[in-house]
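What follows is a single structure, written as structure tokens, with notes after it.
Nothing in this text is a laboratory measurement; each read-out follows from the coordinates by a stated rule. This one's a predicted model, so the numbers in the text were calculated from it and none came from an experiment. Glycine also receives a Cβ, built like all others from the backbone with ideal geometry; neighbour counts cover every protein chain displayed.
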Amino acid sequence: MAGTLIGKVAVVTGGGSGIGRSCALRLARDGAKVAVLDLNEGAAKDVAAEIAAATSTATEGGSAHSVGVGVDVADRASVEAALAEVRDQLGPIAILVNSAGKTGYHRFLDISLEKWTSILTVNLTGTFHCCQVAAPDMIEAGWGRIVNISSSSAHSGQPYMTHYVASKAGVIGFTKALALELGPAGITVNTIPPGFVDTPMLRHSEEKGRFGATVDEHAARTPVRRVGRPEDIAAACSFLVSEEAGYITGQIIGVNGGRNT
Ligand code: NAP
């Protein structure tokens, strides 16, 4: 895919870590100018610097432009300010990958309204904010690509995670509805529900004993016999935002090693 996104501006939320970081690096390799957005501003800037270092030595396809911007996707004013900075530095937004996410693990009866709301606000309302603030650029251009990172847990369910699973199921429904509405404007909207991808979020859950087994034990029970890599999600994302994927919208593209078919 090297070079297929040349000149296009891509925003990746949660780009400072894990899946978002991998998507940011991949889209830069594909030629996009990439804005890395994250709650952890330092991590966002580090990934932007990594992109700049990698692309400045690339012989073809790479973009020399990347920025790292701090954002709280749960906060509308923060999203508006961050995307204004992206437009200022890189230009109108053509591609949006929503990977920022927050997890939680609580017995259903222990979920306070505050805990419930904080997860719904980052995962679902955050996706809403970013799409609504970025979409006008895509509508204006008559071309756009949105990829929302949901979760395979929205298909399988997951005990002690009703708040998280509900938020990710919401992202799937949101994606389907938005795809129908933005399709006539030349914009595709799809969702990737990852399953068991080796990131800081996954290792944190393993450390807390939330899986009832180690990552390696789960990997041994996964049909392709390994844990997912962030690059597996980035590869699917790279395809979904490409020109060639223009007839694919409103879809749930599972990348989970066969755990959920
Ligand atoms: P990760 O390594 O923890 O990355 C998530 C990033 O999002 C972190 O840098 C985090 O910053 C950032 N973030 C959190 N809240 C934010 C906010 N309010 N505004 C902006 N950025 C925020 O986790 P990951 O595994 O790559 O997860 C990426 C996405 O995939 C998430 O939406 C997650 O739910 C989903 N997912 C992952 C898996 C998996 O197996 N890894 C499976 C299913 C779904 P801080 O570190 O500062 O909080």
P(r) histogram, all alpha-carbon pairs of the stretch 146-207 included - 10 Å bins from 0, percent: 21, 45, 24, 9, 1
- line: In Å, the Kirkwood estimate of hydrodynamic radius for the chain over Cα pairs equals 18.2 Å
field: Taking the stretch 200-261 and dividing mean pair separation by its residue count, relative contact order in percent (alpha carbons under 8 Å, at least six apart)
entry: 31 percent
message: Kirkwood Rh and Cα-based Rg: tell me the resulting Rg over Rh for the stretch 101-205, rounded to two decimals.
response: 1.03
message: Under the rule that an exposed site lies in a DSSP loop and has at most 16 other Cβ atoms within 10 Å, name the longest stretch of the chain with no trypsin sites (Lys or Arg not before Pro) of that kind, not counting the sites themselves.
response: 1-106
field: 26 Å tail of the calculated P(r), the stretch 2-126, as % of Cα pairs
entry: 24 percent
- request: State the answer as a single residue: which of Val71, Ser99, Gly228 lies farthest towards the positive end of the charge dipole of the chain, with beta carbon charges of +1 for Lys and Arg and -1 for Asp and Glu, about the Cα centre.
  value: Gly228
Largest to smallest principal axis extent of the C-alpha atoms in the stretch 129-259, angstrom: 49, 29, 21
query: Counting Lys and Arg as +1 and Asp and Glu as -1, each charge on the Cβ, what is the dipole of the chain about the Cα centre in debye, to the nearest 20?
result: 700 debye
- request: Please find, in a Gaussian network model of the chain (springs between Cα atoms separated by less than 10 Å), the residue of Gly209, Gly20, Gly104 whose mean-square fluctuation is greatest.
  value: Gly209
message: Defining a contact as two alpha carbons under 8 Å apart and six or more residues distant in sequence, what relative contact order in percent does the stretch 105-176 show?
response: 47 percent
message: Using amide H atoms built in the peptide plane, which far-off residues or other-chain residues are under 5 Å from Lys102 H to H?
response: Asn123
message: If N is the number of residues in the stretch 85-163, what value comes out of its Cα radius of gyration divided by 2.2 N^0.38 Å?
response: 1.37
message: For the stretch 128-173, compute Rg over Rh where Rg is the Cα radius of gyration and Rh is the Kirkwood radius from the inverse mean 1/r over Cα pairs.
response: 1.15
query: Out of Gly142, Gly18, Gly68, any idea which swings most in a Gaussian network model of the chain, alpha carbons joined below 10 Å?
result: Gly142
field: Helical contribution to [θ] at 222 nm, DSSP H n ≥ 4, -39,500 (n - 2.57), averaged over the chain, rounded to 500
entry: -14000 deg cm²/dmol
statement: If each K or R counts +1 and each D or E counts -1, the residues other than Ile149 whose Cβ falls under 13 Å of its Cβ total +2
- line: Note on the chain: contact order normalised by length, alpha-carbon pairs under 8 Å, 6 or more apart, percent, works out to 19 percent
query: To the nearest 10 degrees, how steep is helix 41-56 against the longest Cα principal axis of the chain, on a 0 to 90 scale?
result: 50 degrees
message: What do you get for the angle between helix 162-182 and the principal long axis of the chain? Use alpha-carbon atoms, 0 to 90 degrees, nearest ten.
response: 30 degrees
- prompt: For the charge dipole of the stretch 134-261, defined by +1 on Lys and Arg C-beta atoms and -1 on Asp and Glu C-beta atoms about the Cα centroid, which residue among Ala177, Pro193, Leu240 has the Cα displaced farthest towards the positive pole?
  reply: Pro193
